[in-house]
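The values are calculated or read from the model by the stated rules, or taken from the named source; none is laboratory data. Everything numeric in this text was worked out from a predicted model, so none of it was measured. Positions of Cβ are backbone-derived with ideal geometry, glycine not excepted, and every protein chain shown enters the neighbour counts.
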Amino acid sequence: MSADPVSPDTVSPGTVNAARQLVTALRDDLASARFTVDSLRALWGEEADAALFRGQRVPALRVLDTVASPAATLARVFVLGMPTERAALETALPTLRAEGAVALGLARVEGERVWPCLDLRPYDFIDAHGAGSFVLASDLGELALGQPIPESHVLGVGGASRTLSGLTVRNEVDSVLDLGTGCGIQALHASRHARRVVATDISVRALELARVNASLAAIDSIEFREGSLFEPVEGERFDLIVSNPPFVITPRQDGVPSYEYRDAGLVGDELVATVVRGVAAHLTPGGIAQLLGNWEYRTGEDGLERVGAWVDASGLDGWVVEREVQSVEEYAETWIRDGGTRPGTPEFDALYRAWLDDFDARGVERIGFGYLTLRRPVVGGPTLRRLERLHGPLGTSALGETISETLRAHDALVSLGERGLADARLVVAADVTEERHYWPGDEHPTVMTLRQGGGFARTFPVETAVAGVVGACDGELSIRAIVGAIAHLLEVDETALLAEVLPTVRELVVTGFLRLA
C-alpha cells in the first residue's frame, strides 16, 4: 500500500513552507547517512548488487541483517521495501524523524514498526556535463508489495529511463520538454543543461512524485503540467523534446490491466506514431526530439519502414535505430511478467491469450524496439533519413555525444557536397580498428572489416580500395589525392574509382569511422 506524497506546490499555501522544510530535512539526513549508489554497493557487495538488479533482494538482506548503520536502515526500508523498528528509522533520519517521513508519504507507522510507502533510492550517472546524482522517490514495486503492482504505479528509474538519458543530446539549450515525465528523471537530467524545463504527464500521482524528486534535488527550474501528450504545451516550441512514452502495445479489452506508466490506451503502436506526427509543431528550428518506442511488424510489412513512413510524414529529419525485435510470444511474456503476474497461473494464461489474440487480429508477427531522433530543419526540407538495425552490443551506454557527432557530420557533408568531400582531409577516429582475415597461405586478405570500439560499436566491411583510402586518412592529403595514388597503384581510372569510393567514405564519416580533419 502506498501513500500520497506531500510536495511543495501541490499542497495548500499554508503548508507549502512546512513541506519544503520536510524535504530539506530529508535531503540533509540522506546526505549525512551517505545514502549513495557507491556506499550501498560497498555495503552489500557486487554480487548482491547484481542480484538486486535482477529483482532478487535476499543476498542484500542477508548482509543488512548483520549491519547497523543509517545507510543500512534506509536501504532496508526504502530500497528493499522491508519494515524496521521506529527507533532505527529515527536514528537514520534524525532531523526528519518518523513523523516527518509519514507526513511526506514515505512511510507509515504501526506501533513501534515502520513500513515503507514509497521506494526511495540513489541514482548516479555521468553525462556531457560531468558526474551527477539524485535520490528518487517512486512507488513500491512488486517485491515490496507482495502482489502485482496497481495500474496507477509510478515507476522509478528502469532500463528504458537509463537508455533515454544516455542517448539524449546534452547541448546547452534554452528550453526542454519532458513529455510523459513519470518520476521526473528526464526532467532532472535536462535541468543540468537547459534554462527552462517543462515536464508533463497525464498521471497526477506521477507529477506529485516528480515534484518531490525535483525538491530533493533542490532544482526549481522545472515546471510541471498535467495533461495528455502535447495538450499541456499547445502553441509552445522547445529546443529539445525527450520522451519515454507509454509505448507498450497492450490489448484494449476488459480484464487486461492498463498501467499508466507504460500503456497509453491506444491500439497497437499508435502512441509512437502520434508522438512522431505531433512533435514537429513543438520544435524550434533546429530543435531535436528523442524518444523510445515499439513498432509492429505486420504480415507483409517491414516494421522499420513502418516507422520510416511516420517520419516521412512529419517533415522532420529522422534517424531511427532499431535495437531489438521480439516475437509476439516473447513480447507478451515480458510485459505480463512486468506487471507482476507470474507464469503458470490462470491469470497469466488468460492475459497471454488476450495478448496473442490482439496481435493476431492485426496480423502482427513481431515487435521492434528502438530509438528515434527527430530534428526540425532550420530552413527547407529534411535532409536526413536513416533507418538502421543495430541489434548487437553497444560500445557505450552514453550515446548522446555519438548522436550529436552524427548530426554534425551529416550537416557538414550536406554543406560540402560531393566535390567538397573529395577535397576534404579526413582522419580515422581513435576508437577504430581494422580486422583482416586470410585463407591459410594466401597473400591477400579475403575479408577486411572496420570496427568501432565506442558508440554503437558498428562493424563495416570494406574492399581493397576503401581499406587503402581509410589507411591513408591521417589529415595530410585530400580524399581526391589519396584515391589518385591508389588508382595509380591498382592501374585503374582515377575518376571512376573516386566515384566508386565516395559514397562509402560519406557513410564512414556519418557513422564516425572517419572524421573531418
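For the range 377-386, the criterion of being modelled with pLDDT of 95 or more, surrounded by fewer than 15 Cβ atoms within 10 Å (Cβ to Cβ) and not β-branched (Val, Ile, Thr) is met by at least one residue.
Checked across the range 123-142, the condition of being assigned to a helix (DSSP H, G or I) and under 29 Å from the mean Cα position of the chain (by Cα) holds for at least one residue. Would you call Glu324 assigned to a strand (DSSP E or B), among the charged types (D, E, K, R) and under 19 Å from Ala160 (Cα atoms)? When the stated conditions are applied, Glu324 passes them. Scanning the range 235-292 for residues that are part of a strand (DSSP E or B), touching a residue at least 24 places away in the same chain (Cβ under 8 Å) and not hydrophobic (A, V, I, L, M, F, W, C) returns Asp239, Ser243, Thr284, Pro285, Gly286, Gly287, Gln290. For Arg34, the conditions (1) within 24 Å of Val102 (Cα to Cα); (2) assigned to a helix (DSSP H, G or I) all hold with the exception of (2).
Is at least one residue of the range 110-118 in a strand (DSSP E or B) and in contact with a Gly (Cβ under 7 Å, 6 or more places away or on another chain)? Yes: one or more hits. Among the residues of the range 128-147, those that are surrounded by 18 or more Cβ atoms within 10 Å (Cβ to Cβ) and more than 20 Å from His193 (Cβ to Cβ) comprise Val135, Ala137, Ser138, Asp139, Leu140, Glu142, Ala144.
Quick grid of which residues meet (1) on the phi < 0 side of the Ramachandran plot; (2) modelled with pLDDT of 95 or more:
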position	(1), (2)
Leu118	yes, yes
Asp124	yes, no
Gly130	no, no
Leu136	yes, yes
Leu140	yes, no
Ile149	yes, no
Arg170	yes, yes
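Pairing each residue of the range 329-355 that is more than 18 Å from Ile149 (Cα to Cα) with any residue that is surrounded by 13 or more Cβ atoms within 10 Å (Cβ to Cβ), provided the two are 6+ apart or on different chains, yields C-beta distances under 6 Å for Tyr331/Ile367; Ala354/Pro251; Ala354/Val256; Trp355/Pro251; Trp355/Ala332.
What residue, among those in the range 107-124 that are in contact with an Asp or Glu (Cβ under 7 Å, 6 or more places away or on another chain) and surrounded by fewer than 19 Cβ atoms within 10 Å (Cβ to Cβ), is farthest from Leu155 (Cα to Cα)? Among those residues, the one meeting the criterion is Glu112. Candidates in the range 199-228 are the residues that are within 25 Å of Gly286 (Cβ to Cβ) and at pLDDT 95 or above; of these, the one that is surrounded by the most Cβ atoms within 10 Å (Cβ to Cβ) is Ala199. Just so you know, in the range 229-258 the residues that are among the aromatic types (Phe, Trp, Tyr) and buried (at least 21 other Cβ atoms within 10 Å of the Cβ) include one that is nearest to the chain's Cα centre (by Cα), and it is Phe247. Any residue in the range 294-305 that is surrounded by fewer than 17 Cβ atoms within 10 Å (Cβ to Cβ), outside any strand (DSSP E or B) and of a type in the set (A, V, I, L, M, F, W, C)? No, because not a single residue in the range 294-305 is surrounded by fewer than 17 Cβ atoms within 10 Å (Cβ to Cβ), outside any strand (DSSP E or B) and of a type in the set (A, V, I, L, M, F, W, C). Name the single residue that is farthest from Ala71 (Cα to Cα) among those in the range 19-45 being of a type in the set (Asp, Glu) and over 29 Å from the mean Cα position of the chain (by Cα). Going through the qualifying residues, I end up with Asp28.
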